[in-house]
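Undergrad: Mind having a look at this structure? Questions to follow.
The values are calculated or read from the model by the stated rules, or taken from the named source; none is laboratory data. Given the structure is predicted, the values throughout are model-derived calculations rather than measurements. Cβ placement follows ideal geometry from the backbone for every residue including glycine, while neighbour counts extend to all protein chains displayed.
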């Protein structure tokens, strides 16, 4: 990141600049707002302005807005009273950095600003530490294994790594290994020649070639068939592939990122995943904590989704009330960020009035669970006499409805793989039942 400092580099502000340089930031320095504007006009790569509170923070913010220079401004000062820091934030500063500087605080600040610029909403220290590691390894070409429960944001982290890498100008290609039938996944990865198999009417370029010069994300890698894993391992070792039906190797220059919600070490020990492929992918490992372990992200994400879905549906933005925040923060979020996103989408549509209150938050949890023997008998009576297949079908379809058609989230809530869910839905469709189509960008 490139930082423009408005103020003198003597004393604590200079020490802050030296810490930022050690963290791989590039530094420009000016003494006045006039020179700051001139620098910003000619250099669009500046990602943050660090301004001493000795200057007029409100005036700097107004000047940037007047010229439509949208760069986050961070105020800083030595032994500044709390009200002065608050005034700087109210004037439009994104953050306040106390001086003398602390290296960990500056590192967290650089990471947070970088993520905000890529629309990655992070506030919790647990997630910030993960993203700081992602920033450090982004410039390398090593493979990265991203692990975590479904819905924690593994693909977004992968995209951020690509954007921060030396391959940022190349393509980013993502393939969900669980969303493609096994008999087609090899062709999706490596491509095929005309006539390679029935239905191969023309040559098709696979994901490896499509990602040449860039990054290939293999999402849900744990779902890949062991036979295909051996071909993937060879491609990674030799840095070349062969299209199905082709006789000539094709050289590739691709960085591999892999993501999974499975414990691949345990899968390898059980013989369901190649150990040598696991070691090849697990050069760097990033584990994303579940949303329940990063409570400070919940409110920020809720605000982000409230803005997003208000804009998407042509509605005015409405803030969440304190009761709504408390309700969200107390929830377990088995579906993680994806479940929270669906919840806020419903809330934006259901809320009445000028705010989103707790009444608009539908968590999909029954309000009262049966406790007495009589209540249990009544609840169970709805199931007695029904076939197991019918109960399973209704559970699957109702869960899919609850997740607004998000099949990955529904599979997580049901405790089954996305492939098993897809097969069930295919059977229901063949029986003439109405099955919601997969939502855009989510595994089919």
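Yes/no matrix, rows are residues, columns are (1) modelled with pLDDT under 90; (2) surrounded by fewer than 21 Cβ atoms within 10 Å (Cβ to Cβ):
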site: 142; (1), (2): no, yes
site: 152; (1), (2): no, no
site: 158; (1), (2): no, no
site: 161; (1), (2): no, no
site: 164; (1), (2): yes, yes
site: 170; (1), (2): yes, yes
site: 179; (1), (2): yes, yes
site: 183; (1), (2): yes, yes
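Undergrad: Return the residue satisfying two criteria in turn: it lies in the range 9-32 and is out of contact with any strand residue (DSSP E or B) (no Cβ under 7 Å at 6 or more places or on another chain) and at pLDDT 85 or above, and of such residues it is surrounded by the most Cβ atoms within 10 Å (Cβ to Cβ). Break it down into steps so the answer makes sense when it comes.
TA: Applying the first criterion (out of contact with any strand residue (DSSP E or B) (no Cβ under 7 Å at 6 or more places or on another chain)) to the range 9-32 yields 10-11, 14-15, 18-19, 22-24, 31-32.
Next, only the ones that are at pLDDT 85 or above stay: 14-15, 18-19, 22, 31-32.
Numbers: 14: 16, 15: 16, 18: 13, 19: 18, 22: 11, 31: 13, 32: 11.
Looking at residues that are out of contact with any strand residue (DSSP E or B) (no Cβ under 7 Å at 6 or more places or on another chain) and at pLDDT 85 or above, I get 19.
Undergrad: Quick check on this structure: which one of 13, 23 is more than 15 Å from residue 110 (Cβ to Cβ) and under 34 Å from the mean Cα position of the chain (by Cα)?
TA: On the way: 23 fails: more than 15 Å from residue 110 (Cβ to Cβ).
When all the criteria are applied, what remains is 13.
Undergrad: Restricting to the range 265-287, and then to whatever is part of a loop (DSSP other than H, G, I, E, B) and buried (at least 17 other Cβ atoms within 10 Å of the Cβ), can you tell me which residue is nearest to the chain's Cα centre (by Cα)? Explain how you work it out, then say what you get.
TA: Our first condition is that a residue be part of a loop (DSSP other than H, G, I, E, B); within the range 265-287, this holds for 270-274, 282-283.
Filter once more, so that each one left must be buried (at least 17 other Cβ atoms within 10 Å of the Cβ): 273-274.
Numbers: 273: 25, 274: 27 Å.
Here the answer is 273.
Undergrad: Within the range 152-169, take every residue that is outside any loop (DSSP other than H, G, I, E, B) and touching a helix residue (DSSP H, G or I) at 6+ places or on another chain (Cβ under 7 Å) and give me the one that is nearest to residue 216 (Cα to Cα). Break it down stepwise before answering.
TA: Of the range 152-169, the ones outside any loop (DSSP other than H, G, I, E, B) are 154-163.
If we keep only those that are touching a helix residue (DSSP H, G or I) at 6+ places or on another chain (Cβ under 7 Å) as well, we get 157, 160-161.
Values: 157: 13, 160: 13, 161: 11 Å.
In this case the residue turns out to be 161.
Undergrad: Mind listing whichever residues of the range 238-253 are closer than 25 Å to residue 200 by Cα, in a loop (DSSP other than H, G, I, E, B) and in contact (Cβ under 8 Å) with a residue 24 or more places away in the chain?
TA: Within the range 238-253, 242, 243, 245, 246, 252 qualify.
Undergrad: Then there is this: Are any of the residues in the range 242-253 touching a strand residue (DSSP E or B) at 6+ places or on another chain (Cβ under 6 Å), within 16 Å of residue 193 (Cα to Cα) and surrounded by 19 or more Cβ atoms within 10 Å (Cβ to Cβ)?
TA: The answer is yes; a qualifying residue exists.
Undergrad: To continue, here is another question. How many of the residues making up the range 403-419 are over 20 Å from the mean Cα position of the chain (by Cα) and free of Cβ contacts under 8 Å to residues at least 40 places away in the same chain?
TA: Filtering the range 403-419 for residues over 20 Å from the mean Cα position of the chain (by Cα) gives 414-417, 419.
Those left that are additionally free of Cβ contacts under 8 Å to residues at least 40 places away in the same chain: 414-416.
The qualifying residues number 3.
Undergrad: Return the residues of the range 404-423 that are surrounded by fewer than 23 Cβ atoms within 10 Å (Cβ to Cβ) and either within 20 Å of residue 332 (Cβ to Cβ) or in contact with a strand residue (DSSP E or B) (Cβ under 6 Å, 6 or more places away or on another chain) (or both); say none if nothing qualifies.
TA: Within the range 404-423, 404, 413, 414, 415, 416 meet the criteria.
Undergrad: Inside the range 310-352, can you point out the residues that are at pLDDT 90 or above, in a loop (DSSP other than H, G, I, E, B) and at positive phi?
TA: Listed by number, the list holds a single entry, 333.
Undergrad: Further question: Restricting to the range 170-184, and then to whatever is out of contact with any helix residue (DSSP H, G or I) (no Cβ under 6 Å at 6 or more places or on another chain) and without any contact (Cβ under 8 Å) to a residue 24 or more places away in the chain, can you tell me which residue is nearest to residue 426 (Cα to Cα)?
TA: 181
Undergrad: In addition: Among (1) closer than 30 Å to residue 270 by Cβ; (2) surrounded by 18 or more Cβ atoms within 10 Å (Cβ to Cβ); (3) over 21 Å from the mean Cα position of the chain (by Cα), which single condition is residue 220 missing?
TA: That leaves (3) as the condition not met.
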